[in-house]
Amino acid sequence: MVPLRVEFGLKYFVAAGWIAALSLAAISALLHSTTPARAQEIGQDDVPSSERASIGLGRVLFFDTELSNPPGQSCASCHSVGAGWTFPDSKTNERLGVPTGAVPGRAESRAVPPVAYAAYIPSGPPTYDFFMGSFVGGLFWDGHATDLTDQVHFPLENPNEMNNLAHGELDAANIARKVRYGHNAEKFKAVYGPTSLEDPPQQVLSEIAKSISDYEKSAEVSPFSSKYDAYVLGKATLSDQEMAGLRLVTGSLNGRPGGPANYKFAQCVLCHAIPSDIRQGPDLWTNSCYANIGVPRNPNNPFYAETDSKTNPLGYNPAGADFVDLGLGDFLYPSLGLPSGNIGAESNGQGDYYAINGTFKATTLRNVDARPSDDFVKAYMHNGCLKSLKDVVHFYNTRNLTTVKGEIIDFTQDDPYAHLQGKPLWPEPEYPSPDTLQNPDGQPASAQAQVGNLGLTDEEEDEIVAFLKTLTDGFFRPNPN
Ligand code: HEC
Ligand code: HEC
């Protein structure tokens, strides 16, 4: 159910909200900080032993490759700590951008977001936030899972992921059987009781989900142990280049939103937010808002060719190469009994009245650079179309520009490409909508600094990338008390 408060004149607020976004970032961060038990300053050792046992069980289940059908794929097969809790195969990231599933030949339509810090995402379903002028919260790129415990069921049953299906439904009995006769049975019984694995399969599944989510909520997964965290705690100094990047990202000389203005503002903290007051932390580097930032299609997405309804009746792609990922519009409208995007014959005739089609959740910037080796390629954005942080920052910097100097594409127009003199520097957005492709600061397209036209030099782009690298966990061990 979507709460009533989204029923107001959304479009007005979507437009007006961005203007207010920066000044109100602190209030929003306060409202949405779920502040789980352990943040920056508290160590693992404070966890009660019963919870620690469940976390331990969750950890082995997260790595259990028996839990897919056919066996061979665990949660960690797609969410690997070495790759910042995303897909661990550099070649697949580079070539496809999206992960392959347990069944050979199948792949997901979307790229792998990180699991770390997902515990801090406000629970779904996504609700409208007037301060931010955006929907907020929920797990997945489109918010379709409520919280971490709910989330676990989706990859287990997704035909293009772990594929545990019987008669078109999640095969709880088979999953429960695998744990009962598998190598984690004793650990499971130690947490849930000696006869717990004889309980009805649905209950066993709930307990599996509980423990996996306990693990995901633990400080092991979200340790706040990056160089940036050490800097915040006064235990490390950022290099000049990193500090310049932090100032560009926050628009502030002291690296906190709302501080004394930096000479340039790259706008990142409007969506990848941190609170303006350090005491309102932890710094999550996202406010989990939804936005259409104009990400192009990923032409190499194997999902376009996944059109065989016979071999994959529940996971195939009926639209073929015409597939467009509507993001939040694919979840929120159907949750109200309307078709995806509120488009077509079954729609209520009001079109994209929530202005959500093509919007995706802003992920945390933490661990965006985490990778097992320097030459390892990561796939960024909901469809994995961008392959390096330099590309990402260059995209934000130049998306609205063409080969003619000074020409700016105004995506808030119905046909932004009409009468252009130059060639656009980037391919068309996957969903080029005048309603959702807002300039977050409310600036007109002619303004100097807007998302897509940030006016950054090559050197400044590099400074932002250098800063993003300080968000990789493992720089120090937090509070070894
Ligand atoms: C085949 C690869 C694959 C496997 C296996 C997999 N995931 Fe994922 N995971 C994804 C993709 C892709 C998404 C994004 C999907 C979407 O948004 O629709 C995702 C999203 C998530 C998210 C949401 C993060 C966010 O920012 O909202 C969490 C949490 C998560 N997975 C946990 C798990 C757990 C727990 C398991 C094991 C039970 C698992 N995943 C197995 C690929 C995988
Ligand atoms: C208007 C809100 C907004 C602003 C401003 C913004 N982002 Fe994003 N960011 C998003 C959204 C939404 C996504 C996911 C978009 C998608 O996949 O379609 C994203 C994705 C990303 C990703 C990819 C993350 C991943 O896990 O794949 C990176 C990196 C990133 N942004 C960095 C930045 C930087 C650096 C800046 C400033 C130069 C910035 N963003 C400004 C909303 C924003």
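Read-outs throughout are calculated quantities, based only on the coordinates presented, and are distinct from any laboratory measurement. Since this is a predicted model, take the numbers as computed values, not measurements. Here Cβ is always computed from backbone atoms with ideal geometry, including for glycine, and neighbour counts include all displayed protein chains.
So here's what we get for this one:
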| quantity | calculated |
| --- | --- |
| Shape of segment 184-320, Cα gyration tensor, a/c cut at 1.5 | oblate |
| Per-residue Cβ neighbour rank within 10 angstrom, fewest leading, His79, His394, His419, His183 | His419, His183, His394, His79 |
| The chain shape via C-alpha gyration tensor axes, a/c threshold 1.5 | oblate |
| Order of Lys378, Lys210 under a 10 Å beta carbon neighbour criterion, fewest first | Lys210, Lys378 |
| Net charge dipole size for the chain [Lys, Arg +1 and Asp, Glu -1 on Cβ; Debye, nearest 20] | 640 debye |
| Cβ-Cβ FRET estimate between Leu233 and Glu94, R0 fixed at 30 Å, reported to 0.05 | 0.25 |
| Dipole-positive endmost among Asn93, Pro296, Pro275 within the chain (Cβ charges, Cα centre) | Pro275 |
| Partner aspartates and glutamates for Lys361 [C-alpha distance under 12 Å; skip if fewer than 8 residues away on the same chain] | Asp142 |
| Selected from Asn184, Ala107, Thr149, residue furthest toward positive end of dipole (segment 94-210; charges at beta carbon) | Asn184 |
| Sequence-distant lysines (8 or more away, or on other chains) whose Cα lies within less than 18 Å of Lys189 | Lys178, Lys210 |
| Net charge, Gly182 excluded, C-beta distance under 13 Å - Lys, Arg +1, Asp, Glu -1 | +2 |
| Order of Phe140, Phe63 under a 10 Å beta carbon neighbour criterion, fewest first | Phe63, Phe140 |
| Cross-link partners of Lys235 among lysines (Cα-Cα below 20 Å; sequence separation of 8 or more within a chain) | Lys227, Lys469 |
| Dipole of the chain, positive direction: furthest Cα of Pro424, Gly384, Ile121, with charges on the beta-carbon | Ile121 |
| Electrostatic dipole magnitude of segment 157-211 [Cβ: Lys, Arg +1; Asp, Glu -1; Cα centre; debye, to 20] | 240 debye |
| Full-extension gain in nm, Lys310 to Asp277, via 0.36 nm per residue minus C-alpha separation | 6.4 nm |
| Cα-based shape type of segment 299-429, given that a ≥ b ≥ c are square roots of the gyration tensor eigenvalues and the cut on a/c is 1.5 | oblate |
| Inter-probe distance in nm under a simple model that places probes 7 Å from Cα toward Cβ, at Ala185 and Lys405 | 7.4 nm |
| About the Cα centre, charge dipole magnitude for segment 106-262 (Lys/Arg +1, Asp/Glu -1 at Cβ), debye | 400 debye |
